[in-house]
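These notes concern the structure reproduced below.
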Amino acid sequence: VQVLQPAPMQTVVMNNNASIINLQNVAAKYPHWNLNLGPSANPCHRSCDAPSCPCCVSCCPSCYLIPDKYDKGLYNMDLTVKNVAFMLFVAMSIYGEASMKILDSAYHGAYLPTVGLVFIGIASLLFWTSRDHKVDSMMNKTIAVLYFLGGLLYLIGYFIYTASLDNYNVCAEGGTVCDCDYYYGYRSSYYWDDFCWCEQNQSYGDDVCERNWYWTSWSDGQYDFRVYKPYYAARGIFIFYHCLLMAVHYISKETKCVKDRLLFIRLDSFMWGLVYCGIICSLSIPDWIWVFALSGCVHFFAGIIALVNMCIAAPNTNAGGCNPFTVTGVFLLLFYITEVILLLSFLLDFTIHEDIIITPNIIGMPFFFWAMGLIVFGTLNWWILLRAMHPAFTACLCKKIQRDLVEVEI
């Protein structure tokens, strides 16, 4: 019997000229971008080169971008987006902050949040008058002081809400609730004291306040408002944190609390994942059916992925290319976009309630803009976090902003 020996393995070195030419073309096409086209751009798979690395899914050349170092604090683009977020937040929430009935039991936090929003609004307007956001100037110091005072007053006011805000029941406060929906509004003629007139459809409806049971479209929180105190504490802490970030970047060029990219990602991931997604998004609609059922718990999944960023924020991600952030970033995109779509749709349904006439209307458009103002603010700061994690996400969504994606020494 002849024993056949296996043939010795041979190492074949292949010169992939097509890949080399592709890399050269990428570098020539984007001369102003700081690109990582070497081996560190593709640690996800040893047998692939940068142009065909499966982690990047070939979405755009931004897969090769090297993230900014953040060794001198946030960049001008980050500060600009954050300032726009503050402007939108103030514009959407200040009216509701000063007028909503549900805040009466805490005397509107002594109106400290409203005053804080005024300071923040003034600071966000003065931002556009500053010619250089990185120098020691009186204008920059004024912006820093206004942001800090505004954030501090907002935080104290929301701690007052957390300590003293009570539930608000329209019927108990002497108001009226008329259910004008046909299926719920039909009542027997034996009950003469529990009907009301619906002007909008010229018919009678159920007077909810005159009976000891009620049924609404999907939530009774439209007239029996429940206070979830963690939401108010988290809202104050989240705004103060971002006000503090703006303040320390403007008070002096030497006092930057964020001088390292990984430190910034860990801080922002913690605040965004735990405080924003875990508490604010889950309790924006004050009803448990939203927290666990209608939302599909998507906010909790997004928050967990954000907290995972704290564990994978390692120095090897500073090289760009394919790294763990390209995976967590995709999950953040999917979960959070789904969360915003669901939250917007159900919050509209919660605040409009066309079939129920409530006097006074404690849940109306002021509440909608007050609640959504913080969601818009958190979404823009989520964009800043994604940009710090990996420029691929912001480049794929906005390929034209080349000046933001290069590493600029300011």
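The values are calculated or read from the model by the stated rules, or taken from the named source; none is laboratory data. Please read all numbers here as calculations on a predicted model, not as lab measurements. Cβ placement follows ideal geometry from the backbone for every residue including glycine, while neighbour counts extend to all protein chains displayed. Only protein heavy atoms, including side chains, enter the accessible area calculation; ligands, DNA and RNA are left aside. Shrake-Rupley method; radii C 1.70, N 1.55, O 1.52, S 1.80 Å.
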Check your understanding: For the residue pair THR129 and THR359, what label-to-label distance in nm results when each label sits 7 Å from Cα along the Cα-to-beta-carbon direction?
Key -> 4.7 nm
Practice item. Order the peptides 296-303, 285-292 from the highest to the lowest mean number of other Cβ atoms within 10 Å of their residues. Key: 296-303, 285-292
Review point. How much of the accessible area of region 111-168, in percent, comes from carbon and sulfur atoms when a 1.4 Å probe is used?
Key: 74 percent
Exercise for review: Please turn the phi angles of region 83-91 into ³J(HN,Hα) values with the Karplus equation 6.51 cos²θ - 1.76 cosθ + 1.60 (θ = phi - 60°), one per residue in order, whole Hz, x for glycine and proline.
Suggested key: 5, 4, 4, 5, 4, 5, 4, 5, 4
Review point. Once fully extended, how much extra length lies between TYR95 and PHE270, figured as 0.36 nm per residue of separation less the alpha-carbon to alpha-carbon distance?
Key: 60.0 nm
Check your understanding: What length, rounded to one decimal in nm, is gained on full extension from SER203 through to CYS311, with 0.36 nm per residue of separation minus their alpha-carbon distance?
Key -> 32.8 nm
Check your understanding: So how much accessible area does VAL376 have, in Å² to the nearest 10, using a 1.4 Å probe?
Key -> 40 Å²
Revision key, fill the gap. Under a 1.4 Å probe, counting only protein heavy atoms, GLU173 has an accessible area in Å², nearest 10, of 110 Å²
Practice item. Once you have the Cα-Cα distance between TRP288 and ASP136, take 0.36 nm times their residue separation minus that, and quote the gain in nm to one decimal. Key: 49.9 nm
